Amino acid sequence: MPLARNLADATIVITGASSGIGAATAYALARHGSTVVLAARTEPALREVAGHCRELGGRTLVVPTDVTDADATRRLAGTAVAEFGRLDAWINNAAVGTIGLFDEIPVAEFRRVLEVNLLGTANGIRAALPHLSAAGGGVVVNNASVLAEVAMPYQSPYNAAKHAVRGLSDTVRQELRATGRGSVSICTVLPATIDTPFFRHAANHSGRQVLPPPPVYPPEVVAETIVRLLRRPRREAYAGGAARLIGMQWRLAPALAERVLGWYGRYTQFGPAPTADTTGNVFRPDATATTDGGWHGRRRHLVRISAAFGLAAAGTAAALARRLAR
Ligand SMILES: NC(=O)c1ccc[n+]([C@@H]2O[C@H](COP(=O)([O-])OP(=O)(O)OC[C@H]3O[C@@H](n4cnc5c(N)ncnc54)[C@H](OP(=O)(O)O)[C@@H]3O)[C@@H](O)[C@H]2O)c1
């Protein structure tokens, strides 16, 4: 079910709103006149995002929150309702990443990525549900990743958490329908690589500079997808054409797609500069209210992109032909 109200009258919580896609989504909703409740750990950055939202026409409330804290996340929902009378939608967007081989990533970091990306999303859904039901319906949008469907080397905890977010979304959706609460929609977004500060925020144990694997799409592409889902909820939506293509290849020819993406991830995620190990923003806030990461139209490795997609497309076509012939 779509939002019970127009976007202009809706109160919407966004986690991870101090940077990147969360800030871009806040701006997109503010342009529609929505009331946005902004949550993340970095209060000054949240205040900056809130100021820009107000300039764009939205009402705002800043509630610094660490989404791994279930009680704090419940208080976030309660504060939104106390201030604006109701809650219409909740966007679970906060996440962190750590880059490195599975056996090089420290255990504490692996655990923390799962805590923020998976348990933080569960905390958000749990906090939102009673208020959305009380409002007569609403929408939860879980911003996952195409890495909820496919895998990329050097990102094992992120991949694991995002696959789990997809499963969690599907299960909660089933349960809501089965218990007569289908007026609350649960949507999952599967974005391709997005031009945000994420790759600078991430912890890094690879020894090399981390780069976003191209093609890279602007954060507004995801923000627009989220706005569309609030108006017309669907189970899942890709953001960025490459995500849809990779997802299709993974479904049709999984063994080939796994090999191609493994090779592609290995050769496109790193720059030449040696880099010291860092824990990035995994344990401490580090947001600066910027939406983009400065990777505009990263076009390097065009030959590799073309080769990888060409190879995967040929394999997908062969797999499709085999299926049709059966
Ligand atoms: N960039 C991409 O290529 C890409 C692709 C697919 C999906 N996504 C997804 O898009 C979402 C947004 O990422 P982004 O690219 O915009 O990265 P980003 O700029 O690093 O934003 C991440 C946000 O999460 C917040 N956050 C981190 N830990 C938190 C915690 N414990 N509690 C509350 N907030 C926390 C950060 O703010 P504080 O530091 O202030 O807490 C920040 O606002 C994530 O779910 C990510 O997985 C990104």
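Scan the stretch 183-205 residue by residue and report those that are near the ligand (Cβ under 8 Å from one of its atoms) and in a strand (DSSP E or B).
Scanning the stretch 183-205 gives 189, 190, 191, 193, 194.
Collect the residues in the stretch 136-166 that are within 9 Å of the ligand (Cβ to nearest atom), in contact with a Phe, Trp or Tyr (Cβ under 8 Å, 6 or more places away or on another chain) and over 19 Å from residue 228 (Cβ atoms), keeping them in residue-number order.
Correct list: 147 only.
With 100, 85, 138 as the choices, which residue is in contact (Cβ under 8 Å) with a residue 24 or more places away in the chain, crowded, with 22+ Cβ neighbours inside 10 Å and either among the aliphatic types (A, V, I, L, M) or within 22 Å of residue 3 (Cβ to Cβ) (or both)?
The match here is 138.
Output the qualifying pairs, or none if there are none: Cβ atoms under 7 angstrom, residues six or more apart or on different chains, first residue in the stretch 193-206 and farther than 8 Å from residue 293 by Cα, second residue among the charged types (D, E, K, R) and modelled with pLDDT of 95 or more.
From residues that are farther than 8 Å from residue 293 by Cα, the pairs are 203/109; 204/277; 205/104; 205/277.
For residue 122, are the conditions met, namely being surrounded by fewer than 24 Cβ atoms within 10 Å (Cβ to Cβ), part of a helix (DSSP H, G or I) and touching a residue at least 24 places away in the same chain (Cβ under 8 Å)?
yes
Being crowded, with 16+ Cβ neighbours inside 10 Å, among the β-branched types (Val, Ile, Thr) and away from the ligand (no atom under 15 Å from the Cβ): is that true of residue 11 here?
Spelling it out, residue 11 is indeed crowded, with 16+ Cβ neighbours inside 10 Å, among the β-branched types (Val, Ile, Thr) and away from the ligand (no atom under 15 Å from the Cβ).
The values are calculated or read from the model by the stated rules, or taken from the named source; none is laboratory data. Just so it is clear, the model here is predicted, and its values are computed rather than measured. No Cβ is skipped: glycine too gets one built from the backbone with ideal geometry, and neighbour counts run over all protein chains shown.
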